[in-house]
Each structure stands twice: as C-alpha cells, then as structure tokens.
Amino acid sequence: MDNWASHANPLLPHGETTHASSVDLLFLGLVASSILVLVLLFFLLFRFAIHYRAGNTNADRDHRIRKSWRLETAWTVATLVAFLALFVWGARLYLNLYDVPGDAQPIYVVAKQWMWKVQHPGGQREINELHIPINQSVRLIMSSQDVIHSFFIPAFRVKHDVLPGTSEEIWFDPRKAGVFHLFCAEYCGTDHSRMTGRIVVMQQPEFETWLARQDVNGTLASQGASLFRQLGCSGCHGNGSKVRAPALEGLYGSRVSLSDGTMEIADERFIRDSILKPRAKIAAGYQALMPAYEGKISEDEVVKIIAYVKSLGGEMGVPQ
Amino acid sequence: MHKMPDAQPAFQFVDMRQQHDVARLGMWVFLATEVLFFGGLILSYSAYRTGYPTGFAEAARHTKIVIGTANTAILLTSSFLVAWAVTVARLRDSRFAALLLWTAALLGVVFLVLKGVEYSAEFNEHLLPGFGFAFSGPHIHAAHLFFSFYLVATGLHAVHVAVGIVVLVVIGLRAHQRAYSDLYHSPITVAGLYWHFVDLVWIFLFALIYLPGRGG
Amino acid sequence: MKNAPNYLTEDNSLRSWLFTTDHKRVAILYFVGITLFFFVGGAAATLIRLELIEPQGHLVTSDTYNRLFTMHGIIMVWFFLIPSIPSTLGNFVVPLMIGARDLAFPRLNLTSWYLFMVGGATTLYAIFRGGIDTGWTFYTPFSTMYSNSHVVLAITGVFIAGFSSILTGLNFIVTIHRLRAPGLTWYRLPLFLWSLYATSVILVLATPVLAMTLLLVGLDRVFGIGIFDPARGGDPLLFQHLFWFYSHPAVYIMILPGMGVVSELVACYSRKEVFGYKFVAWSAVAIAGIGFFVWGHHMFVSGQSPFAALVFSFMSFVVAVPSAIKVFNWTATMHKGRIRYDAPMLYALAFIGLFTIGGLTGLFLACLAYDVYVTDTYFVVAHFHYIMVGGMVTAYFGGLHYWWPKITGRLYPEYWARAAAILIFFGFNMTFFPQFILGVLGMPRRYHIYPPEFQIWHVMSSTGASILAVAYALPLFYLGWSLFFGQRASANPWHTTGLEWQTPSPPPKHNFETTPVVKRKPYDFTIKGKPRAQNA
C-alpha cells in the first residue's frame, strides 16, 4: 500500500511520506466517484438531448414520470451517503496530522518576507532549505515575523499557515531521499512567488555529516541560555532569585495549573506565550509580575529561549 | 370617506394597504441588515472579551457610567415619545404627534451632546485609540482593544442617531402639516421602527460596554 | 402594436434615463455598468494569462502582477458577478414575472445603481492611482500593516457597492412578498424567482458583515486600532472569520441566480415543466441557509481548531446536496421533453456540465485531508472558475439571450449565438481544466514565477484564454448588431409560459395594460409542447 497510489497515477509527483500516500489514495477515491457521477450525468444528458429532441417525433413521450418523491428521496439519500463516506475518510486522515509521533524531531521555522529561516536544535541554521533525514519523523514549529505565510511541501501533501504572534506545527516522516519543492502558499506581498525553497531528504549518515559540517554558534539551547541571562530572565527564574517565579526545570511537557483554575500542557506554544504575553496565562499561586517581552525580542530569539527551556528537562507525553 | 390629497398609493401599488405593508416590510428587512452590521462588531468584541476578561473588565471601569446611564434613560424616553406619536398620528391629531416627534429628536440631540462631552473627557484622559491613547497598568493591549471597540461602536451608533434625528424632524414637519391619518401613516411607522431599533442597539452597547467589571 | 410607445421609446432624453425609476431602464443602466467592469476585469485576466506563459515572468514586475490579480478579483466579484444576473435580468424580469408594474421601491432601485457606479468609480480610481496588492481577500496583517497600496480607497469602493447589493436584495424580497399578481401563490412562482429570493436573503444578511469587516480594516489602517495586529493583542484570524462569514455566502449569491435562469431555460427548451419543482425551489432556500455555516472551509490550514474544521467540512458536504438535487431535477426535466437547441439551451446544458464539474471538485476541497494539499493552489482557482465562469457567466449569457427579445424587441442571430456558445464552452475548458492539473501538481496561487515543469499547463491555459476572450467578444458584436438590424420580436417568440411573455416585446412603461390574474402553475405545456400561459 506504501506508495502504490502515487505510482498508479502518472500525473502526480510521488507522495513521499506515509501521509502523502494516503492522501493520494483519497485523491483516487475522489476522482473515481467524480468520474462515476460525471459519466452517468453526461450519458443521461446526451441521451435525452438527442433522443428527445423536438425533431424526433417517434420518441415515446407518453407516461412521463409524475410522482417524484421516491426518485428525489433516492438520489438525495444516495448523495448524502456518498458524501458522508468521503467526509469521514478525509476527516480521519486529517486528524492524523494532529497526531504527532512522540519521537518526532523538532525543527524551528521562522518565516519572514520573503524567506524561510530554519533552525535545527543543534544550532544549525538554513535559509530557504530544510535538510532532514529519511525515515525519521520531523516536527516543525513555525511562526512568522511579519504577515501570514504558509509552509507547503507538495511532495509531502502537507501545508500549514504560519502566523505572527503564535506558533503552528506540522509533522511528516519522509520515506524517500531526494530534493522537493518548498513553497509559500499564502500570499504575503511582493516576492511571494520567490519565497520558495528546497526540502533535502538525506540518508541518515549523510545527514549526520551535513549537521556536523554546519557552522554553529552552539546549539539552539546554549544560545538560548545566553539570551536567558542577557535578557534578565534568570533574575527571577534563576536560582537564588529573591522574586518568586515558577521554576522552569522539568516544565516542558508538564501540566501547569493556571490562576483561572484551568490546566494546560507546557508545550512550545505555551512557553512562547508565557514569554511574550505572560499576563494571559498566570501560573496558579503566583503574582502577575512578569514583564511582557512582546515586541522586545525577535522570533529567532524566542525560538532559542524555547529550546533552552526545553533543555532544562521535561518531556512531552510523560506525566510529571 | 374624506380622502387626503396624498392618500393615493404610488403607481406600483394596488391600494394604500399594500403600500403600507410594503413600507413596513422594507424597514424590517433594512433593520435585519443593521442587526448583522452591528452584530459582526458585537461578536468580535465578545470574542476579544472572552480572550481578555480581566483586561476588558479593567478597561470598562474607566467608562463614564453616569453619562452612559443618563443616555440610556434619554433614548428610552425618546422611544416612548415616538411610539406615542405613531398612535396619535393615526388619530388625525398630527400637530401633537409633531410635538412628540420633535421632542424625541431634541432628546436625541441631548444624547449626542452628552456623547460629545463624554468623548472629550475620554480624549483628555488619553483613552481614545488613534488620539494619543495611553493606559497605565499591565492590561494596555486589552484596554486599547476595548476602547477601539468602544469608539467604533458608539461612533457608528451616534451616526445612526444623527440620521434618526433628521428623519424625526422631517417626519415631524410633515405631521405638523397634517399629512398623516389612519389611511396614510407608513412614514411615521417606519421612522418609529428605525428609532426603536437605534434605541435597542444602544441598550446592547450599554450592557456590553459600560457594565463589565462593575458587578460585585 | 409596433408603433405604440414602449419603455425604450417613451422619452429618450438623457435626463429621463439618469432619473428613471423604471425597473427596466435601471436594468439597462446596470447592464452597461457591469459590461464595462467585465472588460476591465477581463483586461486584468488577459495580462495575467500573458504573464504566466513564461515561468520567469518577464512581462510585468511582481508588484504589478500582485495588483493585477487583486484587481481582477475585486472587479469580477463585486462589480461583475454579484450584480450580474440580479441587477440586470432580475431587475428587468422580476416585476414582469409576478405581474407587477414595478419593484416595491423604484427610487431605491435607481439609488442602488448610483451607489454601484460610485463604488465602481472609486475602485477604478484606486486602480488608476496605482492599484492595490492585497488580493481580493485583504488578509491581515498584510492589508492593515504591510501593504503600501491604496487599500483604503479600494475598500471604500467595495463598501459603497455593498450598499447597492443590500438595496437590490431588499427590493426583491419585499417585491416578491407583497407585489405578486392575484392568484400567484408561492408554488406558482417561476423558479427564477425562488432563486432570486434566496439570493436576496443572502445579499441582505451577509453584506453588512462585509461592511463591518472592511470598516475595521480601514480604521486599522488609518487609526492603527490594532484589532487584527498580534503585537497589540489582536488576532489576524478574526479577520478571516469575519471576511469568510460574508464571502462564502457571497459565492452563493454568485451562483443561485444562475441556477434560477437555468430552471427557466431547461423548462422552456424542453417544453416541459421542471421536474420536482418543489425540490428545486426549496433547494435554493437550503443552499442559502446552509451556506451561512460553512465559511471555515476556507481556513482548514489557517490554525483554527480541528473540531471547528470537522464541523465546517461536514457542513460543506451537506451544502452540496441541494445543488446535486437541482442537477438531477434538471436532467429529469429533459426526459420525455421536446428539446430545442437554441442558444439559451446550449448555455443551460453547458451550465449543467460545467457546474457539476466545479461542484464535484468542491467536494475535493470539502474533504479535509485533501484540502490541506490543494488549498491555496491552482486547484482552488480552477474550482471557483468552473462555478463562477462555467456556471454563473454561462447562465448569465443564457438568460441574456433568452430575454433579449423581451428586453430589446429584437431577435438575435441564432447561428452566431450558437457558434459563440460552443466557442465559449471550448475556450473555457481549455483555459481552466489545465489549472486543475496544475493544482494537483502543487502549483501555488498568486505566483507569477514558477518552476519550469508547470509551464506546459500554463501555456495550454493561456491559449484557451485567448480563445475565450474572442468568444466573449462575439456576443458584443452580434447582440449589438441585432439592436439595429435584428428581426423584430413578437411578445412570446419562444412560445413559452410565464407572465413576462404576455406583454409586448419590448414592454410598455408600466408593463401590463391590466393586472394579470394567475390561474395556473408555471411551465404548463401540453403534451404536444403547446404552452398554457399562467394567466390564460
């Protein structure tokens, strides 16, 4: 079942992930249903138009169908049932996109007019390119510095808008090495057409080599640690601080009680919101003292601090 | 039965009753569009209020509740006068109807004057976005959003009140000229509908804008 | 009969036209307006298709290209498609079809035309001053904070035109409710009126939300209120919800009138009543109603919650059912009919085919996982052009030809009309079918520079577009010719039912000598195809 749907269709670029193959199968299903309907409809239209043309006096026009309830109900129900099936099929596949595998490697993407900035956890940076290894799930944590963009990899059949002020995620697991198109798919200004790039999927050893060869200022986390000190975060959140601030060790992935009584998982988006808009979600039992960093630090810097906080321990999906 | 000079229906209508029905239906459809117009704004406001409950409550405490309440009473009174005028006009007592309508219009003017006083006070307190907004405290973004909605919503409402005042004055003039009777009173009916609607919108705005954060 | 004054010949001064309250003249005024805008929007499309012939796009700069597709969208949506059938054919035919002397509010009708023209002039002025580059969808924060183009001017033009839409809708609703001739019950109404009624409900309820949305964008740009700016606590997604809450129902404004026309055409040229009349009638209402609950299908990858996405996807499948019901009923109408191939019928048949293709591809887009792949690609572009151009514009041309004798008192040249219809069908498919392929291959929208592997499909599409351009110009010539040299038309040249055919062609100023009294249902043909007029 792996890639046969893509191979079966000569028109399509091959779907290069498991999700993509499923999408291609769905596509075939949609095409097949459509062709069925069209063939039936066009056959009837042509047949009636020709056979019942005014010039054909021999056609039997007696016994015209009068009562229509049965017919109407029949074709309405048939339509509804077919649509329901397609809905369920599409919905289940869609929900897979929200089911991020636990071992997915995080990579950070910051979009800006008109380029894609990629940061690997090890500190490797890329512009308009994303190198990833084959057979390894990858999770992209994306945000925009300015307007709405959209991260689109046709070969993976995957796309998601990238927004300013919040982070969005997609994931995929490439099954085939190669170079694939990356497009910005949300109109974003003058050079929207040029905001394209390459997804480079490599075999694991080549990928390791590539990682090692990049010029790195330290890992994302270590860069984040420096920022953490420079920006004064350690003043409250560090050891020996006189101010009572929530501890960050083991925070990532844990459940946090908020002052309004709700609970939230401390994922990347939570950490980012806590940095940029701390008053929105105040930890239970703490005062609203933290200054908001919105507008004071760049997207790149936010990404590094998030990486640093994650490095302080904690894990997604593991109860703390 | 004595026929008034302009008690002839317009050419596309069969009789006065059809003309009256058409005028009323037309005004109701128009009011439906207004519901959707203000509704979009109110929905957006509600979305943000759910997102920033503390901030919006904090900001709302800076609204001028006394003026707001007075304005609510003024509009309610004027609506009552207009309703009275509609009834009275049908009884051929048009001159009294004119008086009622003009008083209602006057109340509308008082409403606008008070609104002006309110805006000018808020301008001095730097509470009007786009006009030197400044807000101390942690909820500056929420306050900015709140006052943006406040300004847009009450500003649009004020425009509608102004239009209503003109309509009431003109209809009042016609009533004074004895143009209306039981046979022909659709203009005053639909003007009344419009004015009541403007009043109703204000009630919603009052509740949503002035009252949050002032509860127990 | 020929020398009695009709609505055209009675007082031909410019003043009488510019101050007319006669719905028939207002329809002609609108016709002139929308035809003008069609060619402006078409000029933009021509430049777009020329630019896309080459992958590197040398004809225009990126900024110009961005303004071209924005212009094309704004003009075609608000200044051509939305007013097209309702304000031209609807304005002309509605009072005639219900046996009335005019619409309920003739002066509001004229006002709506002036608003339309002022809105259009404002938008053209914005274009003249340098244009706007936000796309017709005005997404924030690009439109509020980053675009350097004439956003406020353009949205002012659209805002004004929106009032025109609202007044037209209001007029139709009140007219259809209150001005029907004696005996004309709801179930005796021709289906064109059911469709226009449903359209009018959308016009009246959805357009105000657009007005508010554009107002907020304008205020954000001018006063910096920051309502859509995340840096100031705003949410760019709120804009999308508000915008699509209007713009999705808007697309039903842009198809329901076409469906109404097709019902008339299929009945007339099959000489048979529409099969399942009540189902077709209520389907229009269902489309209008359900259409208000599907807007989120434009936002499946925007960052809305998956739960919302599930609901919107489900509702989007549901809203397709009444459209399918109409298609089945039109087909069944032809069964055992007496079919003629006059140009309007060719257009009706083209509509059924092209609308079905467009509608089926809509299912691809309603389907969540597939939409993630093809949203914001040429697949969507192809889909909506199949519906709006293959559907609505085709129906518009069909209706125009059908009612041409009534409106002008002349017959158009039939063979030229059939040739143009066929050429349009061919040119249309050649232009837009390759775009489905482009979308499935992953070509994004609003790109004028693209990878070379897409070129073959673009060249095919642009070739088709040049054929389509010629095909659309043809009616301009032969219809224009017919105004002066066409054979004069009788009251009922198509020998069909319907009250509008019971009055001379062209009609006198007040439509009917005496108010007709309706005695029978519409589309009442005998077995031999002889019509029984509704008031006979």
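If you go through the stretch A:144-158 and keep only what is buried (at least 22 other Cβ atoms within 10 Å of the Cβ) and either within 25 Å of A:THR219 (Cα to Cα) or among the small types (Gly, Ala, Ser) (or both), you end up with A:SER144, A:SER150, A:PHE151, A:ALA155. The condition (being under 23 Å from A:ASN135 (Cα atoms), in contact with a helix residue (DSSP H, G or I) (Cβ under 9 Å, 6 or more places away or on another chain) and modelled with pLDDT under 95) is satisfied by just one residue among A:LYS159, A:LYS176: A:LYS176. Taking the criterion of being within 14 Å of chain B (Cβ to nearest Cβ) and assigned to a loop (DSSP other than H, G, I, E, B), the residues of the stretch C:95-154 that qualify are C:GLY99, C:ALA100, C:ARG101, C:ASP102, C:LEU103, C:ALA104, C:PHE105, C:THR140.
None of C:ASP235, C:ASP220 is in contact with a Ser or Thr (Cβ under 8 Å, 6 or more places away or on another chain) and among the acidic types (Asp, Glu) except C:ASP220. Of the candidates C:GLN435, C:GLN455, the single residue that is surrounded by fewer than 23 Cβ atoms within 10 Å (Cβ to Cβ) and polar (S, T, N, Q) is C:GLN455. Scanning the stretch A:52-88 for residues that are in contact with a Gly (Cβ under 7 Å, 6 or more places away or on another chain) and among the aromatic types (Phe, Trp, Tyr) gives a single hit, A:TYR52. Checked against the criterion of being farther than 16 Å from C:TYR396 by Cα and more than 14 Å from chain A (Cβ to nearest Cβ), the stretch C:251-264 has no qualifying residue.
Criterion applied to A:ALA177, A:ALA221 was being away from chain C (no Cβ under 12 Å), more than 18 Å from A:GLN119 (Cα to Cα), in contact (Cβ under 8 Å) with a residue 24 or more places away in the chain and not basic (Lys, Arg), and the one residue passing it is A:ALA177. Of everything listed in (1) surrounded by fewer than 21 Cβ atoms within 10 Å (Cβ to Cβ); (2) within 14 Å of chain C (Cβ to nearest Cβ), the single unmet condition for A:LEU140 is (1).
You will find that of B:LEU156, B:LEU151, the residue that is facing chain C (nearest Cβ under 9 Å), touching a Gly at 6+ places or on another chain (Cβ under 8 Å) and crowded, with 16+ Cβ neighbours inside 10 Å is B:LEU151 and no other. Scanning the stretch C:443-478 for residues that are outside any loop (DSSP other than H, G, I, E, B) and in contact with a strand residue (DSSP E or B) (Cβ under 9 Å, 6 or more places away or on another chain) yields a total of 1. Exactly one residue out of A:LEU12, A:LEU36, A:LEU26, A:LEU40 is surrounded by 15 or more Cβ atoms within 10 Å (Cβ to Cβ) and at pLDDT 95 or above, and it is A:LEU26.
Taking the criterion of being part of a strand (DSSP E or B) and either at the interface with another protein chain (Cβ under 7 Å from one of its Cβ atoms) or in contact with a Leu (Cβ under 6 Å, 6 or more places away or on another chain) (or both), the residues of the stretch A:155-174 that qualify are A:VAL158, A:LYS159, A:HIS160, A:ASP161, A:PRO164, A:GLU168, A:ILE170. Here A:GLY285 passes the criteria (1) on the phi > 0 side of the Ramachandran plot; (2) within 14 Å of chain B (Cβ to nearest Cβ) except the one numbered (2). Counting only helices (runs of 4 or more DSSP H) wholly contained in the stretch B:34-132, the ones carrying 2 or more residues that are more than 14 Å from every other protein chain (Cβ to nearest Cβ) and more than 30 Å from C:PHE292 (Cα to Cα) occupy B:65-90, B:94-124. For the condition of a type in the set (Phe, Trp, Tyr), modelled with pLDDT of 95 or more and over 30 Å from C:GLU264 (Cα atoms), C:PHE223 does not qualify. The set of residues in the stretch C:314-341 being surrounded by fewer than 22 Cβ atoms within 10 Å (Cβ to Cβ) and touching a residue at least 60 places away in the same chain (Cβ under 8 Å) consists of C:HIS335, C:LYS336, C:ARG338, C:ARG340, C:TYR341.
Taken over the stretch B:11-33, the criterion of being without any contact (Cβ under 8 Å) to a residue 12 or more places away in the chain and more than 7 Å from chain C (Cβ to nearest Cβ) is satisfied by B:PHE13, B:VAL14, B:ASP15, B:ARG17.
Checking the stated criteria, C:ILE407 turns out to be more than 12 Å from chain A (Cβ to nearest Cβ), over 17 Å from the mean Cα position of the chain (by Cα) and under 23 Å from C:PHE79 (Cβ atoms).
Of the residues C:VAL204, C:VAL209, C:VAL217, C:VAL261, the single one that is out of contact with any Leu (no Cβ under 9 Å at 6 or more places or on another chain) and either modelled with pLDDT under 95 or over 22 Å from C:VAL301 (Cα atoms) (or both) is C:VAL217.
When C:LYS406, C:LYS509, C:LYS519 are checked against the criterion of being part of a helix (DSSP H, G or I) and either touching a Gly at 6+ places or on another chain (Cβ under 7 Å) or under 20 Å from C:VAL93 (Cβ atoms) (or both), a single residue qualifies: C:LYS406. In the set (1) surrounded by fewer than 24 Cβ atoms within 10 Å (Cβ to Cβ); (2) over 23 Å from C:MET345 (Cα atoms); (3) of a type in the set (Phe, Trp, Tyr), the condition left unmet by C:TYR277 is number (2).
Being within 14 Å of another protein chain (Cβ to nearest Cβ) and under 30 Å from C:ALA536 (Cβ atoms) narrows it down to one of C:ALA181, C:ALA198, C:ALA206, so name that one.
Details: C:ALA198 fails: within 14 Å of another protein chain (Cβ to nearest Cβ); C:ALA206 fails: under 30 Å from C:ALA536 (Cβ atoms).
None of the other options fit; the residue is C:ALA181.
Against the conditions (1) under 19 Å from B:ILE203 (Cβ atoms); (2) part of a helix (DSSP H, G or I), B:GLY26 satisfies every one except (1).
Out of the stretch A:212-234, which residues are of a type in the set (S, T, N, Q) and either in a helix (DSSP H, G or I) or touching a Leu at 6+ places or on another chain (Cβ under 9 Å) (or both)? Selection gives A:SER222, A:GLN223, A:SER226, A:GLN230, A:SER234. Restricted to helices (runs of 4 or more DSSP H) entirely inside the stretch C:1-87, those with at least 3 residues that are modelled with pLDDT of 95 or more are C:23-51, C:62-74.
Filtering the stretch A:78-104 to residues that are touching a residue at least 12 places away in the same chain (Cβ under 8 Å), more than 10 Å from every other protein chain (Cβ to nearest Cβ) and out of contact with any Ser or Thr (no Cβ under 7 Å at 6 or more places or on another chain) leaves A:VAL100, A:GLY102. Taken together, C:GLY303, C:GLY226 contain a single residue that is surrounded by fewer than 24 Cβ atoms within 10 Å (Cβ to Cβ), more than 10 Å from chain A (Cβ to nearest Cβ), in a loop (DSSP other than H, G, I, E, B) and not aliphatic (A, V, I, L, M), which is C:GLY226.
The values are calculated or read from the model by the stated rules, or taken from the named source; none is laboratory data. None of these values were measured; they are calculated from a predicted model. FYI the Cβ positions are ideal-geometry reconstructions off the backbone, even for glycines, and counts take in every protein chain you see.
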